[in-house]
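Here is the structure we will look at, set down as structure tokens.
The values are calculated or read from the model by the stated rules, or taken from the named source; none is laboratory data. Not measured: the values here are computed from a predicted model. Positions of Cβ are backbone-derived with ideal geometry, glycine not excepted, and every protein chain shown enters the neighbour counts.
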Amino acid sequence: MKNSSRRGFMGKAFGAVAGVGAVGALYAMKKTWDPLPSVKAAGFTTLDMSAYKENELVVEKWRGKPIFVLKQSQEMLDTENKNISQITGKTTAGMDKKRLIKIGDAHYLVCIGLCTHLGCIPGYRPETKDFLCACHGGMYDDTAMVKKSPPPRGLDIPPFKIDGMKLVLGEEGPEYKKMKETGITL
């Protein structure tokens with residue numbers, strides 16, 4: 001009888017040690033799959049929006065991609081409102097462009113600067129207030145919507161969160177989620 005109880009105890013002890021070892025091995029595997037803190041930090045870029053000037057394109061970098069930041073002038077906003085009222089026949093006084101991000105009293109275009117046709121980088125033309133993709137002649141207006149094909153859709157808007165006068169790229173805030181739900185961006 002002594003041998004069977006001793007054998008049972010040894011079996012349970014071995015099983016417990018093997019279980020602890022398995023949990024430790026799984027934990028170590030999970031830790032190797034998690035991104036490093038430096039990689040996680042690289043996923044977010046904070047932009048101080050008070051530094052940008054009207055109708056002057058600034059190219060920032062986020063996750064290795066060019067990000068276009070264009071502060072809209074009152075003339076740009078008025079032109080868009082005029083175009084919308086001509087199409088809809090309705091007065092648009094005070095109407096904001098739905099693809100723009102409002103921070104404080106200013107409106108900004110923030111988009112990934114890669115053409116949605118073949119991934120080229122469109123150039124901004126301040127005199128005509130539009131973007132031209134030299135690869136295949138595609139054009140975007142100052143809200144990054146397609147003016148002339150072949151691009152299938154407007155330039156994509158990266159995930160963002162508004163934090164006072166700062167914009168945090170890489171984090172989905174309520175404004176971005178609303179744009180995504182209404183189909184303004186992917």
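Structure values in brief
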| item | result |
| --- | --- |
| Flag if Leu155 is touching a residue at least 40 places away in the same chain (Cβ under 8 Å), hydrophobic (A, V, I, L, M, F, W, C), closer than 19 Å to Lys65 by Cβ and in a strand (DSSP E or B) | no |
| The range 37-53 residues that are more than 26 Å from Gly104 (Cα to Cα), paired with ones that are modelled with pLDDT of 65 or more (beta carbon under 8 Å, 6 or more apart) | Ala42/Arg63 |
| Number of the condition not met by Glu75 [criteria: (1) part of a helix (DSSP H, G or I); (2) modelled with pLDDT under 90] | (2) |
| Number of the exception - Arg63 against (1) of a type in the set (Lys, Arg); (2) more than 21 Å from Met49 (Cβ to Cβ); (3) modelled with pLDDT under 95 | (2) |
| Among (1) surrounded by 14 or more Cβ atoms within 10 Å (Cβ to Cβ); (2) at pLDDT 90 or above, the one test that Thr92 misses | (2) |
| Which listed residue is within 12 Å of the chain's Cα centre (by Cα) and within 17 Å of Val59 (Cα to Cα), from Pro159, Pro122 | Pro159 |
